[in-house]
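Down below is the structure, laid out as structure tokens.
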């Protein structure tokens, strides 16, 4: 019995020995993987959204360090404006803006919107970045602060004191909270405060609070569907205006991201579309629009 | 007797493993760069986190390259490289598993040796058997190995959209430079 066992083991050992050279090549790779793979390694989740904007709202994304993004945001007139207005294509609202990444977390932006001849400037900071590995962060958080100044000329009424410059200003404070649930699905929540220095009547609110939500679902490697919505918290503004809603398609083509949008909002910056959206989707007050972003590399990431 | 044998055989195997480990070199900071020139835009990326293990005794080579560690000039390019081209979510690593041919271990310390590297290159989940020329040298007890070769993205099912097809060259020149330190311990022992 012992002999049989012994010879069995011996044969087995020889067989193993013979098989070893053939397997050795991959064994070395497996061993290398064991040596180099560190499941604790922290990796930041990339590309939660394709662009720095979703539909109306901004996303948690910033242009990377040393990248200058040039954005053209466009809104045509409403689809229900009829054949005479070529279903809205005769009218156009526009915002041109530059965004620059000072670091991979901090970005500055300036923009000019046709509506109200408004100039705006903003700071966006990626406070938290979703990551995997040791001490994984489940969500990303970006903080956005923006100031906008309306520069249209006020009508001067004789005998009435004119409005001062500070009455032209409005501010936006937003916490953008997002999670990339899978390579194709990302969701963002946006508690928002809009402060307007001046409102036309006492009943209107200087401070408007809203809660926004956005979603991105990829349908192919380069195409994604997006949507965002702002729920204005109860108050005069909520009674008078409508919640801004948008649906979009992101199309990525090499150096550009094209975003095609349908929304009930004509304004292009937070202080316009959050408290002042008037379009009624069910009546066909839908603005077709697009955003084109072109990135320029000012400082190379390579050493 | 039975018990004794069962104990004895694993010990033998372990001993064999230890002797095999001699002549092994390892790096976790191998440098891999690639470059592609095209009329519109040059594309260049660097990676300093390639892992490599070379066994001089058997001539075996294993290389593992984390795709996400490639740095590009443009942030957007890097994002597209990961998201659309190499799909690093699905295929986080490119690997090579093969052999060094034509090394003369005895004279490795005396200067550069031209060798041939042959084996399986896996990129984007697609494996091809490749043979490329390389250079190895043993310097200051460090095994330095370099190789430059070209890779055609199409061979590895890396799909390039029509719109940017002219921007991206048909072949990409890849350079691998490894400086491996000798592995003193048995392969199963881990450095802290």
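Each reported figure results from applying straightforward, stated rules to the coordinates on display, with no laboratory input. Just so it is clear, the structure is predicted and the values come from calculations on it, not from any experiment. In this analysis, Cβ positions are derived from the backbone assuming ideal geometry, glycine residues included, and neighbour counts consider all displayed protein chains.
Counting partner chain Cβ atoms within 10 Å of every residue's Cβ in B:53-66, what's the average?
4
Taking R0 as 22 Å, what FRET efficiency do you get between residue A:281 and residue A:173 from their Cβ-Cβ distance, rounded to the nearest 0.05?
That pair, residue A:281 with residue A:173, gives E of 0.20.
Take the Cβ-Cβ distance between residue B:128 and residue A:181 as r, set R0 to 35 Å, and report the resulting FRET efficiency rounded to the nearest 0.05.
0.50
Mind checking the mean number of beta-carbon atoms from other chains within 10 Å of the Cβ atoms in A:291-301?
3
How big is the protein assembly as shown on each of its three principal axes, counting only the C-alpha atoms and giving the largest first in Å?
113, 55, 43
Quick one: order B:175, A:75 by neighbouring beta-carbon count within 10 Å, fewest to most.
B:175, A:75
Take the Cα of residue A:96, step 7 Å along the line toward its Cβ, and report every residue of region A:264-301 whose backbone nitrogen sits under 20 Å from that point.
Within reach of a label on residue A:96: A:267-270, A:289-298.
Between residue A:114 and residue A:80, what is the spin-label point distance in nm, taking each point 7 Å from the Cα along the Cα→C-beta axis?
For the pair residue A:114/residue A:80, the computed spacing is 2.2 nm.
Along Cα→Cβ, 7 Å out, is where each label goes; now give me the distance between the ones at residue A:296 and residue B:120 in nm to one decimal.
The modelled label-to-label distance comes out at 4.9 nm.
If we count other beta carbons within 10 Å of each Cβ, what is the order of B:150, A:97, fewest first?
Final ranking by Cβ density, sparse to dense: B:150, A:97.
Which residues among region A:50-71 fall inside the zone where the amide N is under 13 Å from a point 7 Å beyond the Cα of residue A:103, along Cα→Cβ?
A:65-66
For the residue pair residue A:72 and residue A:195, what label-to-label distance in nm results when each label sits 7 Å from Cα along the Cα-to-beta-carbon direction?
Taking the simple label geometry, residue A:72 and residue A:195 are separated by 3.6 nm.
What's the FRET efficiency of residue B:101 with residue B:29 using the Cβ-Cβ distance as r and R₀ = 45 Å, to the nearest 0.05?
It comes to 0.95.
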